[in-house]
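Working notes, structure below.
The values are calculated or read from the model by the stated rules, or taken from the named source; none is laboratory data. Predicted model, so just to flag it, every value in this text is computed and none were measured. Using ideal geometry, Cβ is built from the backbone for each residue, glycine included, and neighbour counts are taken over all protein chains shown.
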Amino acid sequence: MDLNLSDEDKNFRKEVKDFIKKNLSSEQQKKIKNGGSYTKDETIKWQRALFKNNWFANNWPKTYGGCEWSPMKRYIFDQETAYAYTPQIVPFGVTMVGPVIIEFGTELQKKSFLPKILNSEHWWCQGYSEPGSGSDLASLKTKAISEGNNYIINGTKTWTTLAQHADWMFCLVRTDNTSKPQEGISFILIDMKSKGITVDPIITLDESHEVNTVYLEDVVVPKDNLIYQENKGWTVAKYLLSHERTSIAQVARSKSAIKKLKMIASHEVFDNSPLIDNTRFRDKLTELEMDLHSLEYTEIRILSEEAKGSSPGPEASFLKIRGSELQQKISELTLEAVGAFGLIKSNSYNQDNSNEYFPGAEYANNVGAEYLNLRKTTIYGGSNEIQKNILSKMVLGL
Ligand SMILES: Cc1cc2nc3c(=O)[nH]c(=O)nc-3n(C[C@H](O)[C@H](O)[C@H](O)COP(=O)(O)OP(=O)(O)OC[C@H]3O[C@@H](n4cnc5c(N)ncnc54)[C@H](O)[C@@H]3O)c2cc1C
């Protein structure tokens, strides 16, 4: 494995930096560095700028409008955008359902959905989990009954991230109750404007509105929206989940978070004796940095294998476990570093997602909320316990 960047990769890094400078204001970057978040419009604007530069669908083949970056280019892009606090690309369209439509969709489905994912006209959400069906996803109960050219869908989806903004939802539904649970599931695309859909917010511990419950009551969905074959949705779902897990390690974002933590710990507010001078604190910081470095090298090793044509198997689970644990630990140490300034302002939940800062040192904005929010990382995308089960089966053969 060659860890040195080629001249082409070095030039690419510079191109990414220039692109960021051109398309994102320093005020926007500062807002995020200080704990704010991007609005839907800002995110779409960023995604469209990437699309105009042919950089949006970096995991799609060129025939469908993708840019087929090498894994190393994707890695460089992730790193530079994390350091610059750019908006994060919303994964449900371009990273998740896009590759599924490319792999399993009909020509008509490709023609009608892919261009609208590319230009961010459609915002997607993921309707897999249900109350009572998370880890044991195959037990899902949302029912689709065939009626002429349509399905009539009834059921409840939950933890649906950003469904409040979504135009479309890709959804797992039960189309057969008589066979093994995995063999009675279908993968279908649902227009969120359909009659009978209600989206209810779930407000999380950090008082933010990120997830929702989606109720489906006699929702009429054309059979043309079925992806692949009826009762073969489990094959499609598994294909999609492997795409979700490799991108979930968030090494670049963790490196950026460590950089911020060092900045906070070097701050003179702590009695002119910065926390970074404290040996105990420095030990903890060093341990985290070492763990993150090892994860980074592991990720580069996996990317380098991917570049030779192999697709990630159990490695995806490993990256998910270590990446999510580290995200949580960094946020814990950051909270320790900001101390009382990390207190969360009550009632900071805003319907319009605008950023209302609570009083305190500027650098500590949202650190408490971030700490709470990141508890999710070991749960979503398949909980870490489930990833360990996968590893024990695939690697240890247990
Ligand atoms: C912030 C957030 C966003 C999410 N976004 C989405 C989304 O957009 N779309 C979507 O469909 N879903 C989403 N999810 C749901 C997520 O995929 C599920 O929460 C996850 O799969 C766990 O399912 P569960 O919550 O039902 O917990 P359960 O499956 O009930 O698990 C409870 C606990 O038991 C453990 N456990 C369960 N089974 C086993 C086992 N066999 N062996 C060992 N331990 C086990 C789990 O690890 C967990 O600790 C999101 C979740 C969160 C927290």
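Across region 157-192, the qualifying residues are those that are among the acidic types (Asp, Glu) and within 17 Å of residue 228 (Cβ to Cβ), and the one among them that is nearest to the chain's Cα centre (by Cα) is 183. Does region 153-161 contain at least one residue that is within 16 Å of the ligand (Cβ to nearest atom), at pLDDT 95 or above, over 30 Å from residue 365 (Cβ atoms) and aromatic (Phe, Trp, Tyr)? For region 153-161, residues within 16 Å of the ligand (Cβ to nearest atom), at pLDDT 95 or above, over 30 Å from residue 365 (Cβ atoms) and aromatic (Phe, Trp, Tyr): absent.
Could you tell me whether region 217-224 includes any residue that is among the aliphatic types (A, V, I, L, M), modelled with pLDDT of 95 or more and more than 24 Å from residue 95 (Cα to Cα)? Within region 217-224, one or more residues are among the aliphatic types (A, V, I, L, M), modelled with pLDDT of 95 or more and more than 24 Å from residue 95 (Cα to Cα). Would you say residue 265 is in contact with a helix residue (DSSP H, G or I) (Cβ under 7 Å, 6 or more places away or on another chain) and touching a residue at least 60 places away in the same chain (Cβ under 8 Å)? It is true that residue 265 is in contact with a helix residue (DSSP H, G or I) (Cβ under 7 Å, 6 or more places away or on another chain) and touching a residue at least 60 places away in the same chain (Cβ under 8 Å). All of (1) of a type in the set (Val, Ile, Thr); (2) without any contact (Cβ under 8 Å) to a residue 24 or more places away in the chain; (3) under 16 Å from residue 139 (Cα atoms) hold for residue 198 with one exception: (3). For region 162-182, the set of residues classified as within 14 Å of the ligand (Cβ to nearest atom) and not in a helix (DSSP H, G or I) consists of 162, 166, 168, 169, 170, 171, 172, 173, listed by residue number.
Considering only residues of region 112-131 that are within 16 Å of the ligand (Cβ to nearest atom) and not in a loop (DSSP other than H, G, I, E, B), which is surrounded by the fewest Cβ atoms within 10 Å (Cβ to Cβ)?
For region 112-131, the residue satisfying everything is 130.
Evaluating residue 79 against the criteria (1) assigned to a loop (DSSP other than H, G, I, E, B); (2) surrounded by fewer than 20 Cβ atoms within 10 Å (Cβ to Cβ); (3) at pLDDT below 95 leaves one unmet condition, (1). For region 183-194, residues that are of a type outside the set (A, V, I, L, M, F, W, C) and either modelled with pLDDT under 95 or in a strand (DSSP E or B) (or both) total 2. Only one of (1) at pLDDT 95 or above; (2) more than 16 Å from the ligand (Cβ to nearest atom); (3) touching a Pro at 6+ places or on another chain (Cβ under 9 Å) is not met by residue 68, so which one is it? Among (1) at pLDDT 95 or above; (2) more than 16 Å from the ligand (Cβ to nearest atom); (3) touching a Pro at 6+ places or on another chain (Cβ under 9 Å), the lone unmet condition for residue 68 is (1). What is the number of the single condition among (1) buried (at least 18 other Cβ atoms within 10 Å of the Cβ); (2) among the hydrophobic types (A, V, I, L, M, F, W, C); (3) within 13 Å of the ligand (Cβ to nearest atom) that residue 221 does not meet? With respect to (1) buried (at least 18 other Cβ atoms within 10 Å of the Cβ); (2) among the hydrophobic types (A, V, I, L, M, F, W, C); (3) within 13 Å of the ligand (Cβ to nearest atom), residue 221 is out only on (3). Within region 273-295, residues that are assigned to a helix (DSSP H, G or I) reach partners that are polar (S, T, N, Q) with beta carbons closer than 6 Å, at six or more positions or on different chains, in the pairs 276/266; 292/254.
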